[in-house]
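The values are calculated or read from the model by the stated rules, or taken from the named source; none is laboratory data. All figures in this text were calculated on a predicted structure; none of them were measured in a lab. Neighbour counts run over all protein chains shown; Cβ positions are idealised from the backbone, glycine included.
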Amino acid sequence: MENQKKEQDFLSRTIDFVFSNDKRKWLIPIFILGLFLRIIVARNISALGDEMIHGTHAIGFLHSGLISTILQSPLWFYLSDIVFQILPVTLFSLRFLSVFYGAFSIILIYLIGSRIFDKKIGLISAFLFSVSYFIIRYSLAEMDISAVFFLLMAVHFFLIALENKKFPWLAAVCIGLAALIKTLSLYFVPAFVVGFFLFSKKDDEDKRKRLKGSIKNIIYFGLIIILIFTPIIVHNYLWYKDKGQVDVYTAQYFKIEKSRQAYVGVAGFDASFSYFIKRLPELFINMSVSIWHLDPVIVILGILGIFFGFFIKEKRKFWIFLLVFEISGYFFLLISANLQTHETTLVPVLCLFGGFFIDKIAKKLSVINYKRIIFVIFALILIFQLFMLWPHLTGRSALSQMREYAVESMDKNSIVVVDARIYRGRIAFLFNDFHYLESQYFPQILDMNNNLTGTAIPIKAYFIEAVQDDYGWGTIKNQPEFNSSVEQMFNYLRNNSIKEKTFYGGGGYDDETGKPILSVYQTTINLKPQVINLIDSTHDWFYYPVNYKPKEKIFDQYDVNGIFDNLLYKLVWLIIIISIILASIAPCLAVYELYKQK
């Protein structure tokens, strides 16, 4: 009876909510729309190069024993591998965190917008973020979208705490989690330092006392962030102590020569910090050009909102805080590594100011009808965003199709010979759980097989061909001899096997819609069982063995010696475990914050 009563009460409250004037109800379709678009694009869109590094390195990370990596913070990898325990490893599951945290960021945009401005502007801003084609198409196996969620949560809790004259410890925790997902999230900390001075100003207090209090709060705030960020610091400390090596960012900023030499050519990470400072004028020119490609509508609306927002005196503190958040974070990202994925950090603030500008225009034209104007603006923006997303919504990449086919239809006990003209990261992702072999090693394996003792047994073999000769490298046209030798091999393999499947392009990027991209051939060959171990020994990708097996091949493996270092190492593991739990439940906290909003 009691359960039945609770169900009736819940149903009654739900019905009351639906038919009430509560503006939060409109966030539901906005959230669903944003989630739906992100799911489709994440499943369809072809892969960028870095995705095949980060995404592939996330597979098996739970048993890697690592407390950080050479290139990125550890939390994203741990959370991704937890996803792989629930969902099969596909292009969508690689991108799940970007979809998940990207969708819940819509709620945070609403909460921040409604707190700074009002609920109407919060809803408009949430809609802009929900349908932003730039944000949606970057729902990739990258850390930025996930880190943005925690940075937005930090902004939300920071504003609440200072408004209520409390210390913003939750904001510090969120920044720490963001940094454990992507180290470069620390570049947004200056905005919060400025915020302490902006929002703590009171005319009836002594200036010296106020300054002292702000500095004390900043120190405590920083200590919380550093505590959560400890795994990266300790990882570098232990690794340097044992092997004299550090990760790419530490090598870049502190000019540690041994490590910089180890990372030569790795996306410019071997270059020093001063190198990027010298290139600032060039970088700013590139930024001013590329920023318009973010999302033209939201960029224009956001810039107009920033301009008009300056003249509202009572909002000036928020205006300064958000602008410092935007500029300081992006400035340091720009001089660290000028990657387009970093520009996703610009969009949330542009959406907040864009929402403000749309509301201002609608009110100016309110003689027509405010709701009708908002509806028309929403419809036009949605049409434009869908137009920009159309290639990613209507076609599906061969890579995505190939991986799902491998999971569902290919024999895991078989061997897979993969065309070396396919980008190595894509090969490692596609067949990480198979006995795969790049085609250039196949003749050597056959020779070794002939020299091994024992009896050969029939083993199913798949041959995966890059039909267009280059799938992800972009350099095969400059290697005619290599291309010719691979083509000769596949001519022979095609004549001695059965074609099983061909996957056609779609989804944008390098998958040309409707063109054959990958073909799968199947046959049976006689091999001695020992060959399987030789095949698996070739599974190395970008400083790490695929699936982190064997562990001794992990580049940043080190020994922990001494009582102090062992205690430090155990403390770090405790921080990582707590961080995984906090990061997993954080979206629930965002929903709770929405629920308790008055």
Does ILE415 satisfy the condition of being under 19 Å from THR523 (Cβ atoms) and at pLDDT 95 or above?
yes
Taking segment 68-107 only, how many residues are within 20 Å of LEU140 (Cβ to Cβ) and assigned to a helix (DSSP H, G or I)?
26
Sort out which residues of segment 345-379 are of a type in the set (Val, Ile, Thr) and free of Cβ contacts under 8 Å to residues at least 60 places away in the same chain, and write them in order of number.
VAL349, ILE361, VAL367, ILE368, ILE373, VAL376, ILE377
Here are ALA154, ALA161, ALA172, ALA147: which of them is of a type in the set (A, V, I, L, M), within 13 Å of the chain's Cα centre (by Cα) and either surrounded by 24 or more Cβ atoms within 10 Å (Cβ to Cβ) or more than 29 Å from TYR253 (Cα to Cα) (or both)?
ALA147
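Are there helices (runs of 4 or more DSSP H) fully within segment 386-454 with at least 1 residues that are buried (at least 23 other Cβ atoms within 10 Å of the Cβ), among the small types (Gly, Ala, Ser) and under 31 Å from the mean Cα position of the chain (by Cα)? List them.
Details: elements: 398-409, 424-430, 442-451.
Once the helices (runs of 4 or more DSSP H) in segment 386-454 are filtered for at least 1 residues that are buried (at least 23 other Cβ atoms within 10 Å of the Cβ), among the small types (Gly, Ala, Ser) and under 31 Å from the mean Cα position of the chain (by Cα), what remains is 398-409, 424-430.
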Could you check segment 510-541 and list, in sequence order, the residues that are in contact (Cβ under 8 Å) with a residue 60 or more places away in the chain, more than 30 Å from GLY395 (Cβ to Cβ) and in a loop (DSSP other than H, G, I, E, B)?
LYS528, PRO529, THR538, HIS539
Some residue of segment 474-493 being surrounded by fewer than 18 Cβ atoms within 10 Å (Cβ to Cβ) and within 21 Å of ASP433 (Cα to Cα):
no
Among the residues of segment 143-152, are any closer than 20 Å to HIS392 by Cα, assigned to a helix (DSSP H, G or I), in contact (Cβ under 8 Å) with a residue 12 or more places away in the chain and touching a Gly at 6+ places or on another chain (Cβ under 7 Å)?
yes
